[in-house]
Ligand code: HBI
Ligand code: FE
């Protein structure tokens with residue numbers, strides 16, 4: 001039985017962020033019940049290590065003035081950029097820092113499984129790397145997006161605690177059928193969040209930090225709206241999947257983010273459901289806006 005067929009039979013609908021149904025790229029058949037699998041580091045080719053190196057160098061060369069200090073300080077924990085890191089070695093360092101670890105997964109996994117791993121301080125990192133022709137953009141998260149975009153901030157204790165609280169909140173959201181609202185919180189913070197600093201706005205979202213063009217765009221372009229972080233506003237706001245974001249939300253600190261996830265979300269879900277949804281890019285009357293920072 002084809003791995004993909006078995007994967008789909010295992011209920012792993014190709015999770016594709018609305019890109020239409022496509023077979024999953026990874027080997028879901030060999031994944032364990034929690035969707036973790038082995039990284040199989042020796043299977044990476046020299047071309048794949050070199051692709052990772054080129055992706056890393058392109059992003060690392062533009063972090064100054066655009067990425068938040070916490071990210072710049074932590075990205076060196078990924079180790080030498082000339083090859084794809086070994087997840088077991090990376091987990092040893094990460095465990096010592098914030099008790100998180102990295103687990104290999106075949107690709108996007110169902111939300112419940114994703115939340116369950118985060119709640120156990122295990123970050124799922126896709127094992128495969130994009131193809132050379134996807135150098136500019138890959139639809140699904142590959143090993144570079146997950147490692148370079150997401151893992152460095154897991155070395156930051158406050159952000160690491162936020163990510164676990166998010167996972168625990170996600171498990172509750174599943175029972176309240178509020179995954180879509182919680183997915184918006186993930187999207188507008190963990191993936192595409194900005195943070196305000198005394199020297200201007202900086203990116204902390206993984207989707208921005210791992211993107212060649214969106215890193216500068218999110219901080220410098222006059223086009224997108226940049227709105228102060230507000231939990232209900234975020235949960236009401238739709239997001240775009242296959243273009244730069246039309247709205248970014250700005251936090252003042254990771255502490256603010258962690259505190260935002262401490263209350264029980266049940267009443268918040270209830271009031272969000274009674275309010276109209278907001279299109280990406282819209283700005284509501286009286287909303288605090290942030291200007292571009294460069
Ligand atoms: N699976 N491997 C992986 N990585 C993700 O970032 C991910 C996922 N499944 C679901 C998902 N993200 C989003 O729906 C989150 O908003 C939960
Ligand atoms: Fe991501």
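All of the numbers you see were taken from the coordinates with simple rules; none came from a lab. Note that the coordinates shown come from a computational prediction; the quantities given were computed from them, not determined experimentally. Virtual Cβ from ideal backbone geometry, glycine too; neighbours counted across all protein chains shown.
So how do 100, 41, 187 line up by other beta-carbon neighbours within 10 Å, fewest first?
41, 100, 187
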Whether the stretch 2-273 is rounded, prolate or oblate, judged on the alpha carbon gyration tensor where a/c under 1.5 counts as rounded: rounded
Length released on extending from residue 273 to residue 43, taking residue separation times 0.36 nm less the Cα-Cα span: 78.1 nm
Selected from 233, 95, 199 as most flexible by GNM, with the chain as the system and alpha-carbon contacts under 10 Å: 199
Label-point separation, residue 252 to residue 62 (7 Å along Cα→Cβ), nm: 3.1 nm
Relative contact order [Cα under 8 Å, 6+ residues apart], the stretch 2-273, whole percent: 18 percent
Exposure proxy order (Cβ contacts within 10 Å, fewest to most) of 221, 293, 210, 42: 42, 221, 293, 210
Footprinting exposure proxy for 240, 122 (fewest neighbouring C-beta atoms within 10 Å first): 240, 122
Computed helical MRE - 222 nm, the chain, DSSP H runs ≥ 4 contributing -39500 (n - 2.57), nearest 500: -10500 deg cm²/dmol
